[in-house]
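Structure record follows, encoded as structure tokens.
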Amino acid sequence: MKVLFDHALREGAGGLFPSSDVPARTPSDVLGSDLVRARAPRIPNLCEGDVARHYTALSKLNYGVDDGIYPLGSCTMKYNPKLNEDVTRLPGFVGAHPRADEALSQGTLGLLYELSGLLRGISGMAAVTLQPVAGAHGELTGMFLFKRYFEERGEPGRTRVLLPDSAHGTNPASAAMAGFSVTEIRSNDRGTVDLDALRAELDSTVAGIMLTVPNTLGIFEENILEVTRAVHDAGGLCYFDGANLNSFIGRARPGDMGADVFHFNLHKTLSTPHGGGGPGAGAVAVSQPLVDYLPVPWIEKMGETIRLDWDHPKSIGSVHSFYGNFLVAVRAYAYLLQLGDAGLRAVSENAVLNANYLQERLKKTYPLPYDRLCKHEFVLSGEGLPNHISTLDIAKRLIDYGVHPPTIYFPLIVHEALMIEPTETEGRESLDRFAEILEAIAVEARERPELLHDAPTRAPVRRLDQTQAARNPILTYPFDKS
Ligand SMILES: *Cc1c(COP(=O)(O)O)cnc(C)c1O
């Protein structure tokens, strides 16, 4: 091996390749000379061992759900069973080619077909597409469905989407991207939709409402049926953001509450590692009036054969190549089969129990602006601490204790928000330790505030210049700097 590495280094290649038996073509033969760079890029030239050490070192700087509690509100960073990973590595799944003949893909198509059926049952809705690859992508798909529905009905004047001020930030972004204008509906002092404010907006310009259920305060809309009935009576549609489904899966169905579109975050609720932004899956379930517009291809069963059917002329078209992120669907399917009905009910029970356990303890130390039974998450405030301590300082100090901070400064309707979602997979010991740390930090805020102002001191980097990072991000290796 030593000889090989020495040779590779001498050649300056970082690897060894056999000599080519393909006729030589220059890059300009293939691309045309205007696309070929004049100078070779400066790509780092390293041997395999150095590369392995580099990535291993990077991996040790990371923090993940396998290290400890990751109470990032809204994100559902729960433990992802390793069995899922074993299943996705089965050669028939990981090696499946999207262009393989349907007759050779009955296993993969069958899994997608059965998963759609399970999601239909869980949601209580008429049909499901697995194509979108993120929650936000599911939202955008849903907004396209709204659009097509009103086009078909000859009501192009329905251009407004109503959004409670407690909605997740992706909701207004998705509505706007699909070409709707957004009207904000204020929450009442119980943290739910103000019905009078809602009714005052309902008219023939409203396409519908987008509700995060439960909302970003972790509170379930107790008047959900009145909300959806009012919107339907005004001719509108109801979109439910289901990223928080772990709080009611197996206990209640959006289809029974008046949802017309419901998106699942398969990577959250049904367990796929999703730190760093993907890959995900945002399956979308719809009510009967929207079924014809679902993205193509549909996965259909003809006799014993599963087929991809493109022949749906009213469809909004495809929203992703092939069939979305297939291996996320495999994990979701494996997770559902592992848990079964009783297991899914235990998921929602424990998600709600854990959140309320922490909420009841921590509200003695930090203000809880909406003090009521929560679902899977709750929002404290870092306001009112002495010595100019902010929520940001608390979050940074948590890093020094070796804990991932919660979501901060969101939702916007709570000042100095700390949005905590413990998830259903934390045990009592882990919850108690997290609470003890937050209590210790509150004491430090009074007695040794410099510990909070200086934090983090034990992380790979200190406090970053957030404005600079957002305004002038450096996203590439400086290849061309010589
Ligand atoms: C995570 C989340 C989303 C967005 O999902 P992505 O998969 O990140 O695009 C939307 N709404 C809520 C409530 C969420 O928690």
Just for the stretch 73-106: of the residues that are open to solvent by 20 Å² or more (accessible area, probe 1.4 Å) and of a type in the set (D, E, K, R), which one is nearest to the ligand (Cβ to nearest atom)?
Glu85
I'd like the full set of residues that are touching a Phe, Trp or Tyr at 6+ places or on another chain (Cβ under 9 Å) and open to solvent by less than 100 Å² (accessible area, probe 1.4 Å), limited to the stretch 22-51.
Pro41, Pro44, Cys47, Gly49
Criterion first (at pLDDT 95 or above and more than 11 Å from the ligand (Cβ to nearest atom)) does Ala207 satisfy it?
yes
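Okay, residues lined up against (1) open to solvent by less than 10 Å² (accessible area, probe 1.4 Å); (2) hydroxyl-bearing (Ser, Thr, Tyr):
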{"site": "Ser390", "(1), (2)": "no, yes"}
{"site": "Lys396", "(1), (2)": "no, no"}
{"site": "Pro405", "(1), (2)": "no, no"}
{"site": "Ile420", "(1), (2)": "yes, no"}
{"site": "Thr423", "(1), (2)": "yes, yes"}
{"site": "Glu450", "(1), (2)": "no, no"}
{"site": "Gln468", "(1), (2)": "no, no"}
{"site": "Asn472", "(1), (2)": "no, no"}
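Would the stretch 300-317 turn up any residue that is assigned by TED's automatic domain parsing to the domain that holds Gly138 and in contact with a His (Cβ under 6 Å, 6 or more places away or on another chain)? Working first, answer last.
Narrowing the stretch 300-317 to residues assigned by TED's automatic domain parsing to the domain that holds Gly138: 300-317.
Checking which are in contact with a His (Cβ under 6 Å, 6 or more places away or on another chain) leaves us with none.
No, the stretch 300-317 contains no residue that is assigned by TED's automatic domain parsing to the domain that holds Gly138 and in contact with a His (Cβ under 6 Å, 6 or more places away or on another chain).
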What is the one condition in (1) farther than 30 Å from Val193 by Cα; (2) open to solvent by 50 Å² or more (accessible area, probe 1.4 Å) that His415 does not satisfy?
(1)
Can you report the number of residues in the stretch 299-322 which are under 20 Å from Ala96 (Cβ atoms) and buried (at least 19 other Cβ atoms within 10 Å of the Cβ)?
2
For Ala351, the lone unmet condition from (1) open to solvent by 60 Å² or more (accessible area, probe 1.4 Å); (2) in contact (Cβ under 8 Å) with a residue 40 or more places away in the chain is (1)
Examine the stretch 234-246 for a residue that is away from the ligand (no atom under 15 Å from the Cβ) and more than 23 Å from Gly135 (Cα to Cα), and state whether such a residue exists.
yes
Kindly indicate which of Thr129, Thr76, Thr56, Thr88 is β-branched (Val, Ile, Thr), under 18 Å from the mean Cα position of the chain (by Cα) and on the phi < 0 side of the Ramachandran plot.
Thr129
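For the stretch 372-388, give me each residue that is open to solvent by 30 Å² or more (accessible area, probe 1.4 Å) and hydrophobic (A, V, I, L, M, F, W, C). Walk me through it before giving the result.
Of the stretch 372-388, the ones open to solvent by 30 Å² or more (accessible area, probe 1.4 Å) are 372-373, 375, 383-388.
Those that are open to solvent by 30 Å² or more (accessible area, probe 1.4 Å) and hydrophobic (A, V, I, L, M, F, W, C): Leu373, Leu385.
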Lys481 meets each of (1) modelled with pLDDT of 95 or more; (2) farther than 30 Å from Ala351 by Cα; (3) open to solvent by 80 Å² or more (accessible area, probe 1.4 Å); (4) in a loop (DSSP other than H, G, I, E, B) with one exception, condition (1)
Taking the condition open to solvent by 50 Å² or more (accessible area, probe 1.4 Å), assigned by TED's automatic domain parsing to the domain that holds Thr365 and basic (Lys, Arg), does Arg446 pass?
yes
Of the conditions (1) more than 13 Å from the ligand (Cβ to nearest atom); (2) surrounded by fewer than 22 Cβ atoms within 10 Å (Cβ to Cβ), Met177 satisfies every one except a single condition; which number is it?
(1)
With the condition being surrounded by fewer than 16 Cβ atoms within 10 Å (Cβ to Cβ), I'd like the helices (runs of 4 or more DSSP H) fully within the stretch 187-295 carrying at least 2 qualifying residues.
195-201, 224-233
Could you tell me whether the stretch 154-169 includes any residue that is more than 14 Å from the ligand (Cβ to nearest atom), in contact (Cβ under 8 Å) with a residue 40 or more places away in the chain and out of contact with any strand residue (DSSP E or B) (no Cβ under 8 Å at 6 or more places or on another chain)?
yes
Testing Asn215 on (1) in contact with a strand residue (DSSP E or B) (Cβ under 9 Å, 6 or more places away or on another chain); (2) within 30 Å of His415 (Cβ to Cβ); (3) more than 11 Å from the ligand (Cβ to nearest atom), one condition comes back false. Which one is that?
(3)
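The values are calculated or read from the model by the stated rules, or taken from the named source; none is laboratory data. Just so you know, these numbers come straight off a predicted model, no measurement behind them. Counting neighbours? That spans all protein chains shown, and the Cβs are built from the backbone with ideal geometry, glycine included. To get the accessible areas, we keep the full protein, side chains included, count just its heavy atoms, and leave off ligands, DNA and RNA. Shrake-Rupley method; radii C 1.70, N 1.55, O 1.52, S 1.80 Å.
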